[in-house]
Amino acid sequence: QVQLVESGGDFVQPGGFLRPSCAASGNIYRFYAMGWYSQAPGKQSGLVATITGVVRTNYADSVKGRFTISINNAKNTMYLQINSLEPEDTAVYYCNAACGVHDYWGQGTQVTVSS
């Protein structure tokens, strides 16, 4: 049974930063790809960033240059460094992990950006 637990969401002012994390149960090497998705109020969820093979990354155009996805293998944890937060970044952020034919999701962590 794979469990993904997000944390690190918060209420921040525009221009601030956060680093949500996604802790995976067991060895993170099992996953050939991991990623972050977001769902803003009243909108469909969308891709934020993915990481495959630990080092190959991909980002949504709207977050390029501000968001950085990374993995700490020793801690079995994935991170999303978010800088220069904008009100439009307000959303629930979910982590995803792909293992074989299975997709796993965390419960989400809320990021709210407002002055």
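The values are calculated or read from the model by the stated rules, or taken from the named source; none is laboratory data. No experiment lies behind these values; they were computed from the predicted model shown. Cβ atoms come from the backbone with ideal geometry, glycine included; neighbour counts cover every protein chain shown. Keep in mind that these areas ignore ligands, DNA and RNA; they rest on the heavy atoms of the full protein, side chains included. Shrake-Rupley method; radii C 1.70, N 1.55, O 1.52, S 1.80 Å.
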Per residue, how large is the accessible surface of segment 1-46? Use a 1.4 angstrom probe and give square angstrom. 61
Isolated Cys residues of the chain, judged by Cβ distance under 4.7 Å to other cysteines: Cys99
Using only alpha carbon pairs under 8 Å that are at least six residues apart, calculate the relative contact order of the chain and give it in whole percent. 37
For segment 19-73, which whole percent of the accessible surface, found with a 1.4 angstrom probe, sits on carbon and sulfur atoms? 48
Quick check: net charge around Ser62, other residues with Cβ under 14 Å of its Cβ, Lys/Arg +1 and Asp/Glu -1? -1
Based on Cβ point charges of +1 for Lys and Arg and -1 for Asp and Glu, what charge dipole magnitude is obtained for segment 47-100 about its Cα centre, in debye rounded to the nearest 20? 280
Treating only Lys and Arg (+1) and Asp and Glu (-1) as charged, each at its beta carbon, one finds that the chain has a dipole about its Cα centre, in Debye to the nearest 20, of 320
Extension reserve of the Gln39-Asn27 stretch, reckoned as 0.36 nm per residue once the Cα distance is removed: 1.6 nm
With a ≥ b ≥ c taken as the square roots of the eigenvalues of the C-alpha gyration tensor of segment 1-59, please select rounded if a/c is under 1.5 and otherwise prolate if a/b is larger than b/c or oblate if it is not? prolate
Mind grabbing the accessible area of Ser84 for me, 1.4 Å probe, Å², rounded to tens? 60
